[in-house]
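One structure is given here, and the rest of the page talks about it.
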Amino acid sequence: MTYSEWFYQHGDKHKAIMDRLEHLTMDEVIEYFRFENMVEKEPDFCELYAENKKCHDIAGLNCYLCACPHFRFKDKGFSMREDKMLYSVCSINSKEGGRFITEDAIHQDCSQCYIPHRESYIKNVFDRDWFEIMENVC
Ligand code: SF4
């Protein structure tokens, strides 16, 4: 699956849920997207839910964003770095961020960064339209 395929499929899934939550306030929506509730109510939203597994093992994990507004990707790659193509980066160079480096590719590693998974951050960037929040990602 390419970055774009995941991105647009995920945005569509998010919209399908939000269309059913129009009656909820911002705080109620964010509460609804808490990992524990989503595993129960929206089992198809994330493939990890089937195993009741978290993408980031943190208390208070919130799935509203899932992706990150600071993430930047290009399916064809941004540029070559020596003999490797750079496909994704963090636009704020988060100190919790890293890189996955393979034989011919460099990808942003967000596995240790919790920025988009915390409710305080989600409230700051909140929009009912997920694509609006992610407008600079690609
Ligand atoms: S490292 Fe953190 S801030 Fe940067 S793109 Fe990844 S999740 Fe977002």
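Largest to smallest in accessible area, the residues M80, M18, M26 fall in the order M80, M26, M18 (1.4 Å probe, all protein chains included). Estimated purely from DSSP H runs of n ≥ 4, each contributing -39500 (n - 2.57), the mean residue ellipticity at 222 nm for the chain is -8500 deg cm²/dmol once divided by its residues. Candidates C46, N93, L24 compared by Cα position along the dipole of region 3-133: farthest toward the positive end lies N93, with charges placed on Cβ.
Could you tell me the distance between the Cα centroids of region 100-134 and region 1-68, to the nearest Å? Here the two parts' Cα centres lie 13 Å apart.
Close amide H contacts of S88 (hydrogens built in the peptide plane, cut-off under 5 Å, sequence separation of 5 or more or a different chain): Q108. Rolled with a 1.4 Å probe across the full set of protein chains, the surface gives V137 an accessible area near 10 Å². 3J(HN,Hα) along region 79-95: 6, 7, 10, 6, 9, 10, 8, 8, 9, 8, 9, 9, 6, 10, 6, 3, 6 Hz, from the Karplus curve 6.51 cos²θ - 1.76 cosθ + 1.60 with θ = phi - 60°, whole Hz, x for Gly and Pro. Over the chain, the alpha carbon radius of gyration divided by the compact-protein estimate 2.2 N^0.38 Å works out to 1.09.
Exceedance of the 27 Å cut-off in Cα-Cα distance is limited, within the set K15/K74; K41/K74; K53/K84, to K41/K74; K53/K84. For the chain, the longest principal axis of the alpha carbon atoms and the long axis of helix 3-20 meet at an angle near 10°.
The values are calculated or read from the model by the stated rules, or taken from the named source; none is laboratory data. These figures come from a predicted structure and were not determined experimentally. As a convention, Cβ positions derive from the backbone with ideal geometry for all residues, glycine included, and neighbour counts pool all protein chains shown. Each accessible area value is taken on the protein alone, full model and side chains, heavy atoms only, with ligands, DNA and RNA left out. Shrake-Rupley method; radii C 1.70, N 1.55, O 1.52, S 1.80 Å.
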